[in-house]
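The values are calculated or read from the model by the stated rules, or taken from the named source; none is laboratory data. Keep in mind it's a predicted model, so treat the numbers as computed, not measured. For neighbour counting, all protein chains shown are included, and Cβ atoms are generated from backbone atoms with ideal geometry for every residue, glycine included. The protein model used for the area step is the full one, side chains on, heavy atoms only, and it has no ligands, DNA or RNA in it. Shrake-Rupley method; radii C 1.70, N 1.55, O 1.52, S 1.80 Å.
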Amino acid sequence: MTALKPAVPSAATLHALSRFSYGWTPTLGREITKAGGFGRWFDAQLAAGSDDAFTRTSATWWTSVNASPAVLWRRHESEVEPLWQADANYQRWVLARRIHSPLQVREVMTELWEHHFHVTSEGSGTALFRADYGRQIRARALGRFADLLHTAITHPAMGVYLDNASSTAKAPNENLGRELLELHTVGVGAYTEADVKDSARILTGYRVDTWNTWKVSYDRDSHAVGRVRVLDFTDANSSTDGRPTTRRYLDHLARHPRTAEMVARKLATRFVVDAPPAALVRRLAGVYLAHDTAIVPVLRALLASPEFKAARGKKVRTPTDDVVATYRALGVRITRPRHDESAANAILWQCGSLGSQPFAWPRPDGLPDQASAWATAPRFLASLDAHYSMCGGWWPKKNATYRTPASWLPLTAKRRSVRFDQLVDHLSRTLTGRPAGRKLQRVARQATGCRPAERISRTHPLVKWNMHRLLTVFLDSPTHMSR
Amino acid sequence: MTAPHARSGHPASCAEFTALSRRGFLRTAALGGAALTTSAAFGTAVVETSYAAPRPASSVMVVLSMRGAVDGMSLVVPHGDPTYYTARPRIAIPASQLLVRDGFFGLHPAMTPLLPLWNSGRMAAVHATGLAVPNRSHFSAMEAVEDADPGSSARVGWLNRLIGRETPVHPLRAVQVGATVPPASLVGPVPSMALSSIDAVRLAGHDKWDTQHRRPGSMRTMWSGVAGPLGTAARTAFTAVDDFRPVQATSAAPGNGASYPKGDLSAALAAAARTIRGDVGAEVITIDHGDWDHHSGLGTLAWGSMQAMTKELAAALAAFFTDLGPAAAKVTVVTISEFGRRTRENASFGLDHGHGNAMLLLGAGVKGGYYGTWTPLRGTSDDDLAVTTDYRSVLAEVVTRRLGASAARVFPGFSPEPVGAVTSL
């Protein structure tokens, strides 16, 4: 970009993009312009399906992302690739997609559902099924909640994580049966201990031969037959094949008004504010039920709401969002990893240093999406550290393309230097999608010692030695750290 | 991961600035920056918090949260209740294997490293503790336990009320170690600090090339007057970076030949010991440790998660008290968990969610031994250990007797029952 003052979107568009993408880039800005505005871009995102070239290619960067459970287990046992690494590689693929996939809305929604139906990446047995689990969720991320629910609850990743894989008719393990009610559907307070017990009984039968062959099966002998009652759902459950009962049970839960409220609150918390107003949650829940658990109509209603419009800059970026947005803002291009230190691999440790790797949240309730979890002093310092390191292009360095310091200057054959204050405005537009205000100008002067009218050319000491000190100002700002 | 350093910067060093101590400089910058920001450029209200210098803490309470709901009956085994054995045919611990067994209780055999503390009367176990009303949701029970203010919708934790009892406040008064996400007990209006590691408390870019301290100065300007949680985090961070330096100046090696086992708990306890030795005014230290959610694979004495985790817990705590040396005389550790587990074992050598639990107290002011009132177990499929001591009564003894706080302030509307496990000596 050589324009001195690159075009920036309206504040409303920037706000919508900050919630439905992983961060501003000039390329994203051009996409919006080409589409004819945010609304049409959003429609195109929804219509695009789930396939894109970057997602296809990057999936081949790590063997484990495409390997079957049997192969992954063999690789673990022969010490080629321990389970934690299979988990780590999936986490890395997800981060790479968030940076570079053009399907930003799908990636954002996939993350939301992977947190809602959280399966911790902890290098345990779930690692064998984790990449497939994520793919299944991604494929349904803009579909119906009822389908997502059925997919997640009956998937071996979830079964192994919340112990349903070893639950039996004789002594049911209540873990998944309980969290299904509390975390995934109706929420705490809606059910009794008797509901938990029958919920667990319905789910018996979905087995995985854990720590042995890892074979996935439906075992009629472990299914608890006999009448069940959970909330207002009842079923004779007389067949040893409990799968049809399970389907009916999950369909019932998906359409429960309490589930509608749970889903509406989750979406409103992610896309509007930390504590969404009850009226908004009620309205979105109504849309959810009126559309038979379809997600897209709820998103459209949310985008059109006055509560959404009033929520500019009200969310704090999570650690992973900060890291991903930093790659995007700095225009760092990551490519196929060749070493542990390659950016596509090291990005996971970057996220960890900020306090959270994708899907590493240690509890089944999924990553918190409130400022109280992330607006902490150590997280703040860690963010500044990651920004600084990337603004200098020091780490991660391998298999990543950084811009050179001089390339940030809007120079042309005629324009061989720019005033410092114009440079600050140019960088603000490029990195954050908005002009530089007076405070930012002042901070930039303080950070560099440059005067507003100082002419900055390729050979200026700022460009030669201290460009990172200027670039990091934009990333260390409330603007970049919020969404 | 830390960033490699920049190549040499160009500005010459400024004698006036380098003559000032870093701490002095930052305090000046904070005050001057706020004044300039508000009057000259922006006219927004001043929301800077002016922190006093930290004061040494005369007593320290370490709150160790055993996340996931630990099985208290495996830690402190009620061998005198026959139902314990009939309900857990495969995972019960034989009475003959228990440590410091009395007529009814005994400790898990993996707690050997804690025997010196127990035998010197500095370790207590209070059984059948918990929330008065059963709540088997990890997440809402944890919230209830850590808010410790039933009936109030304000999200303020009991530790936040504790550290806010006197002014001026200082963010190093309460420190969460090992994780950067604060526990609900610390959430509230009074700022606190969390550490992922001791060395992470630094401002990137304020390095030897930043001779004119442009980095802290510009960051102060950027974040001064910024409302909301990020603004508070930024200002807390600037203060913490400055005032935490005495801790960073202590040796990273454990003291007195202490040897920690491997693991996150040890790393957190070692960082806690350093923080206490650095004496920067931390009177509350919180550590989250888990996952104790043993729906499966709790196991036996020969295998499984419980024996391994208990072993690690005991060895790490023992090392922590060794590491502290003379400072141990002011440190009291208390454990909490969101609820206890079911009496009867399930199909997976595990235990589902239950109710009553055991709390452990170790260190300064602890009057050793077993405490608590036992209601006989029944062993039916959904039987839980009944709670006879509100967990707040145990915590109240620590905060009133060790930290001199008012129980009424920390636990609103609650009248603690005497437990007798903590003295003020």
Listed residue (A:Thr57, B:Ser74, A:Pro452) projecting farthest to the positive dipole end of the protein assembly as shown, Cβ model: A:Pro452
Label-point separation, A:Ser407 to B:Ala386 (7 Å along Cα→Cβ), nm: 7.3 nm
Accessible surface of chain B, 1.4 Å probe, proportion on carbon and sulfur as whole %: 56 percent
Protein accessible area in region A:276-358, 1.4 Å probe - carbon and sulfur %: 56 percent
Among A:Ala294, A:Ala260, A:Leu280 - extreme Cα towards positive end, dipole of region A:249-315, charges at beta-carbon: A:Leu280
Potential lengthening between B:Val133 and B:Ala249 on full extension [0.36 nm per residue; Cα-Cα distance subtracted]: 37.1 nm
Accessible area buried between chains B and A, both sides summed, probe 1.4 Å, in Å² to nearest 100: 5200 Å²
Using alpha-carbon coordinates, inclination of helix B:264-278 to the longest axis of chain B, degrees: 50 degrees
Listed residues B:Tyr84, A:Thr320, A:Ala310: farthest to the positive end of the dipole of the protein assembly as shown (Cβ charges): A:Ala310
Cα centroid separation - region A:1-47 against region A:147-185, whole Å: 40 Å
Principal-axis tilt of helix B:305-324 within chain B, Cα atoms, nearest 10 degrees: 50 degrees
Where a label projected 7 Å from the Cα of A:Arg458 along Cα→Cβ would reach, residues of region A:325-360 with amide N under 16 Å: none
Exposure rank, largest accessible area first [A:Asp209, A:Asp385; 1.4 Å]: A:Asp209, A:Asp385
Spread of Cα-to-Cα distances over 20 Å intervals beginning at zero, given as percent, for the protein assembly as shown: 14, 45, 35, 7, 0
Average projection area in nm² (convex hull over Cα atoms of region A:236-298, one quarter of hull surface): 5.0 nm²
Fraction of the pair-distance distribution of chain B above 35 Å, Cα-Cα pairs, percent: 33 percent
Volume in Å³ per residue [convex hull over Cα atoms, computed for region B:243-296]: 95 Å³
√(5λ) per eigenvalue of the Cα gyration tensor, region A:297-443, largest first, Å: 29, 24, 15
Dipole moment magnitude, nearest 20 debye, region B:297-425 about Cα centre, only Lys, Arg, Asp, Glu C-beta charged: 400 debye
Per residue, in Å², the accessible surface of region B:270-425 once ligands and nucleic acids are set aside, probe 1.4 Å: 31 Å²
Calculated FRET efficiency for the pair A:Lys5/A:Ala44, C-beta based, R₀ 22 Å, to 0.05: 0.20
Antiparallel DSSP beta bridges within the protein assembly as shown, as percent of all bridges there, nearest 5: 50 percent
Surrounding net charge for A:Ala88, when Lys and Arg each add one and Asp and Glu each subtract one, Cβ distance under 11 Å: -2
nm² value of the averaged projected area, convex hull over the Cα atoms of chain A: 23.3 nm²
Threshold 40 Å², region B:187-216 residues less accessible with all protein chains present than alone (1.4 Å probe): B:Ala204, B:Arg214, B:Arg215
Two-site label geometry, A:Thr213 and B:Ser96: point separation in nm, points 7 Å out along Cα→Cβ: 4.0 nm
Counting DSSP beta bridges with both ends in chain B, the antiparallel % (nearest 5): 35 percent
Cα Rg, Dmax (largest Cα-Cα span) when computed across region A:359-438, Å: 18.1, 59
Accessible area in square angstrom per residue, chain A, 1.4 angstrom probe: 36 Å²
Sum of side-chain charges, A:Leu28 neighbourhood, beta-carbon under 11 Å (Lys, Arg +1; Asp, Glu -1): +2
Surface accessible to a 1.4 Å probe, A:Lys5 within the full protein complex, Å²: 130 Å²
All lysines inside 23 Å of B:Lys330 as judged from Cα atoms, apart from same-chain residues fewer than 8 positions distant: B:Lys367
Rounded tilt (10° steps) of B:138-147 against the dominant C-alpha axis of chain B: 60 degrees
Binned Cα-Cα distances of region A:296-378, short to long, each 10 Å bin given as a whole percent: 14, 35, 33, 16, 2
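For B:Arg165 and B:Thr375, what does the FRET efficiency come to when R0 = 30 Å and r is the distance between their Cβ atoms, rounded to the nearest 0.05?
It comes out at approximately 0.30.
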Over region B:51-101, volume per residue of the alpha carbon convex hull, in Å³: 144 Å³
Separation between Cα centres of region A:51-95 and region A:440-483, rounded to whole Å: 40 Å
Span-rule helices in chain A, defined as complete DSSP H runs reaching 15 Å or more along the axis (Cα) with Kyte mean at least 1.0: A:278-290
Charge dipole magnitude, Cβ of K and R +1, D and E -1 - region A:1-75, Cα centre, debye nearest 20: 180 debye
MRE, 222 nm, helices only [DSSP H, n ≥ 4, -39500 (n - 2.57), over the protein assembly as shown, to nearest 500]: -12500 deg cm²/dmol
Check: the protein assembly as shown dipole with +1 on Lys, Arg Cβ and -1 on Asp, Glu Cβ, in debye: 4080 debye
Restraint check, A:Lys34/A:Lys439; A:Lys5/A:Lys34; A:Lys197/A:Lys315; A:Lys397/B:Lys262, Cα-Cα greater than 29 Å: A:Lys34/A:Lys439; A:Lys197/A:Lys315; A:Lys397/B:Lys262
Listed residues A:Phe38, A:Phe380 arranged by accessible area, highest first, probe 1.4 Å: A:Phe38, A:Phe380
Relative contact order %, region A:365-442, counting alpha carbon pairs below 8 Å whose residues are six or more apart: 13 percent
